[in-house]
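Below you'll find the structure, written out as structure tokens, and then a few comments.
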Amino acid sequence: MEILYTPKQINLPTTISIGTFDGVHRGHRFVIEYANELAKRYHYANMIITFDPHPRFVLAEEIQAHFLLTTLEEKLEILSQMPVDIVYIQKFTKEFSQLTPEGFIKILKENFNMKALVMGYDHSFGVNRSGSYEDIKALSYKYNFFLYKFQPFVDDGVFISSTKIRNLLIKGFVSEANKLLGYNYFIKGRVIEGSKIGRQLGFPTANIGEIADEKIIPGSGVYIIRAFVEDEQYRGIMNIGFRPTFQYSHDNIYLEAHLFDFNKNIYNKSIKIEFLLKIRDEIKFDKVEDLIQQIYKDRELALRFFDRNT
């Protein structure tokens, strides 16, 4: 897969799909695979155009810090495993947002040799999102390219969108989000020094920090997870929250992973956490002993989960 950060003259005709593709979920994959079938049929290159940063970070007056399902690097990693020949990353600025639909179509024709354009059901582009499907349809005759429009992707009666997946994750419904994504939602970070409370309780934890600011962190609670460190895979549980049993404030949120059958020093190591299932909300216990008993129960529940799902 070729990645372009600046326009480049492409000799091979292209089929182009445009969007933020946040999460590269099952709906996105359906569009990409359909575009690839078109590309193969007509001997075109299958090309994706995406934006960085996400347009909402540029155009919205207020936006939460943790908003995206995938960073640009993660998005490219997922796309590299799909039938995509070229990805062009358009730097999204306020100046770019003022480009007219026709101005953008000219760029696609003149730089990328576009022969077919695939649009999502709600997709529009150009200044103030003025380029509706009808507008682009008229431009397709003028600039001689085929235009294809997709209806919402629905599976088992569920409409799949990045917004729906974001809302599920914020509420902690990670298993439901995973079904729409087509893979397990994940975060990447680094193992940092913690207060060692977990070790004192008999459940040593890896404290996760340096997570990309734009990435969504699932809602507070206890999760069954799979962790990846230095090409090794581990099962475990993770608490996301504010440590209400101990002295805490809502100014700091902690991500603490207890990995099963694990006894290594991984401070400062990169770690990837996949979220499989939320098993309970975070609870304030009156006694530390009660918390310890609950962690034993959480661990046993997770082990039964892995026994059933391996």
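The values are calculated or read from the model by the stated rules, or taken from the named source; none is laboratory data. Since we're looking at a predicted model, the values are computed, not measured. Counting neighbours? That spans all protein chains shown, and the Cβs are built from the backbone with ideal geometry, glycine included. The protein model used for the area step is the full one, side chains on, heavy atoms only, and it has no ligands, DNA or RNA in it. Shrake-Rupley method; radii C 1.70, N 1.55, O 1.52, S 1.80 Å.
Scanning region 249-306 for residues that are within 21 Å of Ser175 (Cα to Cα), part of a loop (DSSP other than H, G, I, E, B), touching a residue at least 60 places away in the same chain (Cβ under 8 Å) and open to solvent by less than 50 Å² (accessible area, probe 1.4 Å) yields a single hit, Glu282. Looking at the structure I just gave you, is His28 without any contact (Cβ under 8 Å) to a residue 24 or more places away in the chain and not aliphatic (A, V, I, L, M)? Criteria met by His28.
Which residue, of Tyr148, Tyr141, Tyr121, is modelled with pLDDT under 95 and in a strand (DSSP E or B)? Can you show your working first?
On the way: Tyr141 fails: in a strand (DSSP E or B); Tyr121 fails: in a strand (DSSP E or B).
Step by step, each of Tyr148, Tyr141, Tyr121 is checked, and only Tyr148 is modelled with pLDDT under 95 and in a strand (DSSP E or B).
Within region 84-103, the presence of a residue that is open to solvent by 40 Å² or more (accessible area, probe 1.4 Å), in contact (Cβ under 8 Å) with a residue 60 or more places away in the chain and among the hydrophobic types (A, V, I, L, M, F, W, C) is excluded. One residue alone among Glu230, Glu210, Glu214 is closer than 30 Å to Glu73 by Cα, open to solvent by 40 Å² or more (accessible area, probe 1.4 Å), of a type in the set (Asp, Glu) and in contact with a Leu (Cβ under 8 Å, 6 or more places away or on another chain), and that residue is Glu214. Residues of region 83-100 that are at pLDDT below 90 and either farther than 20 Å from His54 by Cβ or in contact with a Lys or Arg (Cβ under 8 Å, 6 or more places away or on another chain) (or both): Thr100 alone.
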